[in-house]
Amino acid sequence: MRNLDENTITQAVLARLEHATDERLKDIVTSLVRHLHAFAREVNLTEAEWEQGIQFLTGVGHFTDDKRQEFILLSDTLGLSTLVTAMANRKPLGCTEATVFGPFFVEGAPEYQNGDDVANGARGEPCFVSGFIRGLGGEPVAGARIEVWQADADGFYDVQHAGDDAHRARGVLHSLANGRYHFRSIVAEPYPIPHDGPVGRMLDALGRHPWRPAHLHFMITAPGYERLVTHVFRDGDKYLDSDAVFGVRSSLVAQWIPHEEGVAPDGTRMNTPFSTLEFDFILNRSS
Ligand code: BEZ
Ligand code: FE
């Protein structure tokens, strides 16, 4: 095949896929080539722009290591993560909605009992979190594994603090026989996604900010139910309508209620102000 030009190149590449034996891979690459070529035609991509794009993606690769996943940040900030999450989590009305996983989940977080303080020294105003895990029919889900993780008052996850390997403001709990869970942590605050790399420069160039509204991450698993990966967002946060990664859903916004010093819900005498958050999760049955 010779003398390919701007009118014939797309078809020539697609024809080259005819011997691909993995049908799904063939479908994906066929669509990718079609859309990639259509994009280049639509914007009339110049050679200099193409080279800039290659340099950008090379930078994203160089910035990625086992602690920093710049490609996921790119997917998040372009809305691809939210699109894929939404398509993978079509649930019946009434179920708690899913949202993006994010890069700060850590395997092997410490196990806690209900009532424990998962903050483990993380900086922030104390917060008492509680609620129920239920199925769509209202049945309590006992023994559900609940993983929680969040940023501290400075807007950093424990893994972002260099030189400190402790798990802070993250942990694993299990729901009680009546589906209830409760633990102590710190108040969630808004924070910017890591923006000292190519994705941060991209946001800057596009006039976008890197902030996420305050939220608390949950991953809940229980036999017989679909896994739920979600956040609870703090009502009133100024970034709720401009989340850098497009993760906010109205049904996930809740009130962190402020209290003056006094007796906390678990009976603890608090000498400082604290907050409470109540949020119930409704799981979808797995098929
Ligand atoms: C997070 O919520 O932890 C997060 C999600 C996407 C990008 C960066 C952070
Ligand atoms: Fe987060």
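The values are calculated or read from the model by the stated rules, or taken from the named source; none is laboratory data. Worth saying up front: this structure is predicted, and the values here are computed from it rather than measured. All Cβ positions, glycine included, derive from the backbone under ideal geometry; neighbour counts span all protein chains shown. All accessible areas refer to the heavy atoms of the entire protein, side chains included, with ligands and DNA or RNA removed. Shrake-Rupley method; radii C 1.70, N 1.55, O 1.52, S 1.80 Å.
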Of Ser81, Ser275, Ser31, the one that fluctuates the most in a GNM where the chain has Cα springs shorter than 10 Å: Ser31
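Nearest 500 deg cm²/dmol is fine: what mean residue ellipticity at 222 nm does the chain get from its DSSP H runs of n ≥ 4 alone, each adding -39,500 (n - 2.57), divided by its residue count? Display every interim value, and only then the final one.
Working: 6 runs with 70 residues, N = 287.
Mean residue ellipticity at 222 nm (helix-derived): -7500 deg cm²/dmol.
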Region 157-245 shape via C-alpha gyration tensor axes, a/c threshold 1.5: prolate
Under 12 Å from the Cα of Lys26 - aspartates and glutamates, other chains or at least 8 residues apart: Glu18
Listed residues Val263, Val106, Val129, most fluctuating in the chain (Gaussian network, C-alpha, under 10 Å): Val263
Theoretical gain in end-to-end length, Glu139 to Glu18 [0.36 nm per residue, Cα-Cα removed]: 38.4 nm
Solvent-accessible area per residue, Å², over region 74-283 with all protein chains present [probe radius 1.4 Å]: 46 Å²
Proximal aspartates and glutamates relative to Lys91, as straight alpha-carbon distance under 18 Å, when same-chain residues fewer than 8 apart are discounted: Glu139, Glu226, Asp280
Förster radius 35 Å - calculated FRET efficiency between Gln113 and His209, Cβ distance, rounded to 0.05: 0.35
Label-to-label distance, nm, for residues given as Glu261 and Ala166 (7 Å Cα→Cβ offset): 2.3 nm
15 Å beta-carbon shell around Glu49, net charge (K/R +1, D/E -1): -2
Net length gained if the chain between Asp5 and Leu93 were fully extended (0.36 nm per residue, minus Cα distance): 26.6 nm
Förster radius 30 Å - calculated FRET efficiency between Ser250 and Asn178, Cβ distance, rounded to 0.05: 0.60
Per-pair calculated FRET efficiency, R0 = 41 Å: Asp280 and Thr30 via Cβ, rounded to 0.05: 0.40
Area accessible to solvent at Trp256, 1.4 Å probe radius, in Å²: 20 Å²
